[in-house]
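**Q** Can you read through this structure? Questions will come right after.
The values are calculated or read from the model by the stated rules, or taken from the named source; none is laboratory data. Note that the structure is a prediction, hence the values are computed from the model and not measured. Note that each Cβ is placed from the backbone with ideal geometry, even for glycine, and that neighbours are counted across all protein chains shown.
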Amino acid sequence: MGMFDYVHFEMACPNCGKPLGDFQSKDDYCTMDKIEPDNLSEFYSSCHTCKLWIEFKRPEPETRPLRPKPLTREEVEAMGFVLSVTPYPVAESTAATPKDHP
């Protein structure tokens with residue numbers, strides 16, 4: 001059995017009415033965090049009382065053709081992306097030293 005995330009969702013079993021709250025998904029980072037179902041394409045649980053598998057699925061969003069012009073930083077940030085800038089790690093053996101560059 002692999003890793004998954006817990007989905008913040010509850011419902012009654014559609015067959016017996018038992019409360020279900022242990023929904024899971026593998027659509028995100030699979031770090032066993034609790035996540036919202038908004039951006040998932042599927043999540044699932046099972047009813048141990050009536051031995052049913054309960055699954056929610058929705059179609060994957062259609063892939064869009066490439067735009068004629070790349071998006072700008074402002075357009076990407078308006079979509080909800082957040083810019084993060086961190087130093088790039090350089091291996092010590094490949095780092096330039098003063099003796100390499102006079």
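**Q** Got a number for residues in the range 5-46 being assigned to a strand (DSSP E or B) and in contact with a Lys or Arg (Cβ under 6 Å, 6 or more places away or on another chain)? Write out each step before concluding.
**A** Filtering the range 5-46 for residues assigned to a strand (DSSP E or B) gives 5-7, 11-12, 19-20, 24-25, 34-35, 42-46.
If we keep only those that are in contact with a Lys or Arg (Cβ under 6 Å, 6 or more places away or on another chain) too, we end up with 6, 42.
Summing the residues that are assigned to a strand (DSSP E or B) and in contact with a Lys or Arg (Cβ under 6 Å, 6 or more places away or on another chain) in the range 5-46 gives 2.
**Q** Right, something else. What number of residues within the range 47-92 are of a type in the set (A, V, I, L, M), without any contact (Cβ under 8 Å) to a residue 24 or more places away in the chain and surrounded by 10 or more Cβ atoms within 10 Å (Cβ to Cβ)? I'd like the intermediate steps shown before the answer.
**A** So in the range 47-92, the residues of a type in the set (A, V, I, L, M) come out as 52, 54, 66, 71, 76, 78-79, 82-83, 85, 90-91.
Adding the requirement that they be without any contact (Cβ under 8 Å) to a residue 24 or more places away in the chain leaves 66, 71, 76, 78-79, 82-83, 85, 90-91.
Add one more test, that the residue is surrounded by 10 or more Cβ atoms within 10 Å (Cβ to Cβ), and what stays is 71, 76, 78.
Going through the range 47-92 one residue at a time, the tally reaches 3.
**Q** Still on this structure, I have one more. Is there a residue being under 22 Å from the mean Cα position of the chain (by Cα), within 12 Å of VAL7 (Cβ to Cβ) and of a type in the set (Gly, Ala, Ser) anywhere in the range 72-84?
**A** Checked against the condition, which is being under 22 Å from the mean Cα position of the chain (by Cα), within 12 Å of VAL7 (Cβ to Cβ) and of a type in the set (Gly, Ala, Ser), the range 72-84 yields no hits at all.
**Q** Does TYR29 fit the bill of being surrounded by 14 or more Cβ atoms within 10 Å (Cβ to Cβ) and at negative phi? Step through it out loud before you land on a result.
**A** Values: surrounded by 14 or more Cβ atoms within 10 Å (Cβ to Cβ): no; at negative phi: yes.
Considered against the rule, which asks whether it is surrounded by 14 or more Cβ atoms within 10 Å (Cβ to Cβ) and at negative phi, TYR29 comes out as no.
**Q** Of the residues ASP5, ASP22, ASP38, which single one is within 15 Å of the chain's Cα centre (by Cα) and loosely packed, with under 15 Cβ neighbours inside 10 Å?
**A** Details: ASP5 fails: loosely packed, with under 15 Cβ neighbours inside 10 Å; ASP22 fails: within 15 Å of the chain's Cα centre (by Cα).
When all the criteria are applied, what remains is ASP38.
**Q** Another one. Kindly list, by first and then second residue, each pair from a residue in the range 16-44 that is closer than 22 Å to PRO59 by Cβ to a residue that is at pLDDT below 95 and among the β-branched types (Val, Ile, Thr), limited to pairs with Cβ atoms under 6 Å and residues at least 6 apart or on different chains.
**A** ASP28/ILE35
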